[in-house]
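Each remark here refers to the structure printed beneath this line.
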Amino acid sequence: MNALEIVQGYHAATKHHANRYARSPGYLDWATQPDPFRRYAGAPRVLFPFRDTDESAPYEEIYEPGRVTARPISIHTVAAFLECSLAISAWKQYGDSRWALRCNPSSGNLHPTEGYLIAPALAGLNDSPGVYHYAPREHALELRCGFSEPAWNSLRAGFPGGTFFAGLSSIHWREAWKYGERAYRYCQHDVGHALAALVVAAAALGWSVRHLNGLSDTDVTALLGLDRVADFDKAERECPDLIAAIIPSSASAQIPGTLTEPAIRGIAQGGWRGQANALSSDHVQWEIIDRVAAACAKPRTAATAGPPAPVAAAATIPRREPCGATVKRIVQQRRSAVDMDGATSISRETFYGMLLRTMPFPGSVPWSAVGWPAAIHLGLFVHRVTGIAPGIYCLVRNRAHESELRSAMNPRFLWETPDACPEALPLFRLLTADCRDAAVQVSCGQDIAGDGAFGLGMLARFENSLLENGPWFYRNLFWEAGMIGQVLYLEAEAAGVRGTGIGCFFDDSVHQIFGLRDGRYQSLYHFTVGGPVDDPRLTTLPAYGADRKQLEGPAKPD
């Protein structure tokens, strides 16, 4: 089989069906539960400083390009950037068990995503440029590689002053330990969650982010030191995901979308240190994950410039009432609801506002960071939205796909614009009906899908996206879905409700509801928003104590 056939075969094989779930261990082997924190023994570690005051921007301001004044790069602003993106947000405790929650959501709170920085010499950090691994448990950086000033200048040539770089990688075993073959999908969701979290945290400082989409996986591997066999030894390997430029200013159309190969070689030849820790004492090998990961390896490509294709005049996007909270507060209070009350409703205006934030308007957070045209549309189950009839709806996030979507879906659908819908929002009512039971049934029988104000499936333009870009674009589809999920998580918090991602759903049953009869569109990720039911048995503890040490416990839903 060629790479495209492997990817398509993986996706088909890992679908859940009402009479057969995708293969998984079927139980939780607590003896081999992966350590949620990667360490590099022998790598010098720098603890970030904390500030008592919240200096992040008001939440609504980050969605207005140019509104937040850019702050200069320093150890304090880099610390704030990571504190609002990849850091621990709180600890939860039940009895003797204690587990960490993080700002970037993760399937099952298992956190397969690792974060890195490639940064210049910075007072309080290091007197020379370096590649760092981020250690969220301590809110610290581990110096993996030091290199020369000329090598740094070569790497950042063409980028604005103050630019540094962030990298993401995935440890697939962390998800496969619980979810088996479907884990590769969830790892890619989490990359999207983390990328959006980086963009939001940067925007709170007046910074912008650009995914360097021209790079190959070989480039990313070399820059982050993931190909250093001796540094991993018996430890689980990390698979490359992406490198993004973090620019301490408003975005510029002239920002490169790649890095030169000689500059990357210069970093890879630097002085590396640190030995990765083993996360589990034993493993179950899921060969199908290894095959699809190899099939999705990205080559060097022409760098494409953002923003994505859909355009809306700023005047047509309604202004939102401020929620009164800062970015830091919204990000750190974000949780995944474990249950919904089945009663809370939201207003039509709130509903429209949330959906507008998922639209990839030019320059908008977080969509300004990526350069590919939107390929994910939302199939919505509306339950409790005041002023909106319950039923099935579709949000067309890329108007270039509207005709194709209509032809792919049930020909009996209405395609009506709901009352008072903003001009900038291509939302359509497909069917008026009580769809709570249907939402529950296709979500593996989980009541949370019907007990919220609304739920949705993220419908990817699947076959043509892979044919037009290559098998590696399979990951980007999930990344885009994860970015939408992170936007909805934060929007729910700002609206005084709560969201949760749903990875367990019967793929083809979802497609049947929307009349999707072939492989042109596939549902990749589900989400629900509503009134949460909190568990009073759980105690919430601060993210970081005076000694920055907490006891680790079994992974729990966040």
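Every read-out reported here was derived from the displayed coordinates using simple, explicitly stated rules and does not represent laboratory data. Because the structure is predicted, anything quoted here is derived from the model rather than measured. Cβ sites come from the backbone with ideal geometry, for glycine too, and all protein chains shown count toward neighbours.
One table, with the values for the structure above:
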quantity: Coil-residue GluC sites (Glu not before Pro) of region 41-88, DSSP, other Cβ within 10 Å capped at 16; calculated: E55
quantity: Rounded to 5, the percent of DSSP beta bridges in the chain classed as antiparallel; calculated: 95 percent
quantity: Region 133-149 residues near the modelled A121 label - backbone nitrogen below 18 Å, point 7 Å along Cα→Cβ; calculated: 143-149
quantity: For region 33-92 and region 95-162, distance of Cα centres in Å; calculated: 10 Å
quantity: Sorted by Cβ density within 10 Å, fewest first, the residues T113, T258; calculated: T258, T113
quantity: Spin-label model distance (nm) - A433 vs S249, 7 Å beyond Cα toward Cβ; calculated: 5.4 nm
quantity: Separation of the E463 and R537 label points, Cα + 7 Å toward Cβ, nm; calculated: 4.8 nm
quantity: E349/S97 FRET efficiency (R0 41 Å; Cβ-Cβ; nearest 0.05); calculated: 0.50
quantity: Segment F37-D233, extension gain: residue separation times 0.36 nm, minus the distance between their alpha carbons; calculated: 68.8 nm
quantity: Sum of -39500 (n - 2.57) over DSSP H runs of 4+, divided by residues of the chain (222 nm, nearest 500); calculated: -8000 deg cm²/dmol
quantity: Spacing of the two label points (7 Å from each Cα toward its C-beta) at W30 and R45, in nm; calculated: 2.6 nm
quantity: Extended-chain gain in nm, criterion 0.36 nm per residue less alpha-carbon gap, N19 and D54; calculated: 7.6 nm
quantity: For S169, S74, order by how many other beta-carbon atoms lie within 10 Å, fewest first; calculated: S74, S169
quantity: Using alpha-carbon coordinates, inclination of helix 348-357 to the longest axis of the chain, degrees; calculated: 40 degrees
quantity: Partnerless cysteines, meaning none of the other Cys C-beta atoms lie under 4.7 Å away, in the chain; calculated: C84, C103, C145, C187, C239, C296, C323, C394, C421, C435
quantity: Ranking of M1, M359 by count of other Cβ atoms within 10 Å, fewest first; calculated: M1, M359
quantity: Given (1) 12; (2) 9; (3) 26, the label whose value is percent of Cα pairs over 45 Å apart derived from this model; calculated: (2)
quantity: Phi to ³J(HN,Hα) by Karplus 6.51 cos²θ - 1.76 cosθ + 1.60 over region 334-343, Hz, x for Gly, Pro; calculated: 4, 9, 8, 5, 9, 7, 10, 7, x, 9
quantity: Prolate/oblate/rounded label for region 341-530 (Cα gyration tensor, a/c 1.5); calculated: rounded
quantity: In order through region 76-88: 3J(HN,Hα) via Karplus (6.51 cos²θ - 1.76 cosθ + 1.60), integer Hz, x for Gly, Pro; calculated: 6, 6, 5, 4, 5, 4, 6, 5, 9, 10, 10, 7, 5
quantity: Lys pairs under 28 Å by Cα in the chain, provided they are eight or more residues apart or on distinct chains; calculated: 16
